[in-house]
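Some notes on the structure that comes next.
The values are calculated or read from the model by the stated rules, or taken from the named source; none is laboratory data. Note that this is a predicted model, so its numbers are computed, not measured. In this analysis, Cβ positions are derived from the backbone assuming ideal geometry, glycine residues included, and neighbour counts consider all displayed protein chains.
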Amino acid sequence: MKLDKNLTDSIDYAKLLFTDLGRLLILIILDIIPIVNLIVLGYCSRVIKETPNSKELPPLENYLALWVQGLKIFVATIIYMIIPIVLIIPFAVLTVLLWVALPSLPVVSWLIAIPMLIIGLLLAFFVAIILTVAIVNMIKQDSFGKAFAIGEILGIIGRIGWGTYILWLIVIFICTLIVIAIGGIPAIGWILSLVIGPIFGVFVARSASLTYSAGVTPEAEKPPVEKPEPVETPKEPRKRFCADCGAEMAAEAAYCPKCGKKQ
């Protein structure tokens, strides 16, 4: 599916949330509550699971299963990002200390923290490229281990096309920045972000699953080939001739039908 069709389909799909305002309201409320908001993440995973086979939103039910699925996504993401996070933490700590407690810090601290920050951000970028397909692969195959099947994941991205896939990531990143910017609007931004959050999550989930599907080669279910039963070819009757007159006679005949001699 081309990128424009992917995005159009995903937008139309996300708009279905407005046809059931009760479901949308529940998702908004759940998304506000820490830890509980993993249910919303789990709901997005259900969208991924059912795409592209379904054109309808999945039902919002079985909250515990949704929460567990959301937890799996969170844990897989942390495992992927653990090294970038460790590299970024020193800079974050120094920044907090600078603004809160210690206005003057040793220069050497910054000389160590800033390069670590740069390396961490670059590593996070490259990890994120794999992470998106890894999460979808885990959900599609219903296996936590499939999130770390690197060879399989790279193969899927290769079939999608690296250029196409990177372009899709850039578009999603720009959309994310727009959503963040909307949340920063004075007075009403936080309200808008609460409403947009679940809708944007469903949009990204649908789009990611459509992108993933382009890199998966479905194995066509072929009916078993039935071997035809061997057909015995009727044998032509063996020809027999009379030893006396040479007339042709049946193979089982005891007497010649022409001369009557016994054979």
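Answer yes if at least one residue in segment 192-208 is at pLDDT below 70 and hydrophobic (A, V, I, L, M, F, W, C), and no otherwise. No, segment 192-208 contains no residue that is at pLDDT below 70 and hydrophobic (A, V, I, L, M, F, W, C). Pairs linking a residue in segment 161-172 that is without any contact (Cβ under 8 Å) to a residue 40 or more places away in the chain to a residue that is in a helix (DSSP H, G or I) and polar (S, T, N, Q), with Cβ atoms under 8 Å and 6 or more positions apart or on different chains, are Ile172/Ser207. When segment 9-20 is filtered for residues that are farther than 16 Å from Ser213 by Cα and either among the hydrophobic types (A, V, I, L, M, F, W, C) or part of a helix (DSSP H, G or I) (or both), the ones remaining, listed by number, are Ile11, Asp12, Tyr13, Ala14, Lys15, Leu16, Leu17, Phe18, Thr19. Checking every residue in segment 77-92 against the condition of being over 27 Å from Pro34 (Cα atoms) and in contact (Cβ under 8 Å) with a residue 12 or more places away in the chain gives zero matches.
For segment 128-139, the condition of being in contact with a Leu (Cβ under 9 Å, 6 or more places away or on another chain) and closer than 21 Å to Thr8 by Cβ holds for at least one residue. Residue count for segment 142-161 satisfying the condition of being loosely packed, with under 15 Cβ neighbours inside 10 Å and under 20 Å from Tyr43 (Cα atoms): 3.
Return yes or no: is Leu192 more than 26 Å from Ser213 (Cα to Cα), surrounded by fewer than 16 Cβ atoms within 10 Å (Cβ to Cβ) and among the hydrophobic types (A, V, I, L, M, F, W, C)? The answer is yes for Leu192. Picking from residues in segment 107-126 that are farther than 16 Å from Val93 by Cα and loosely packed, with under 14 Cβ neighbours inside 10 Å, the one that is farthest from the chain's Cα centre (by Cα) is Leu122. Quick check on segment 162-180: of everything there that is of a type in the set (Ser, Thr, Tyr) and surrounded by 15 or more Cβ atoms within 10 Å (Cβ to Cβ), which residue is nearest to Gly201 (Cα to Cα)? Once the filter is applied, the top-ranked residue is Tyr165.
Between Val75, Val47, Val40, the distinction of being surrounded by fewer than 14 Cβ atoms within 10 Å (Cβ to Cβ) and part of a helix (DSSP H, G or I) belongs to Val75 only.
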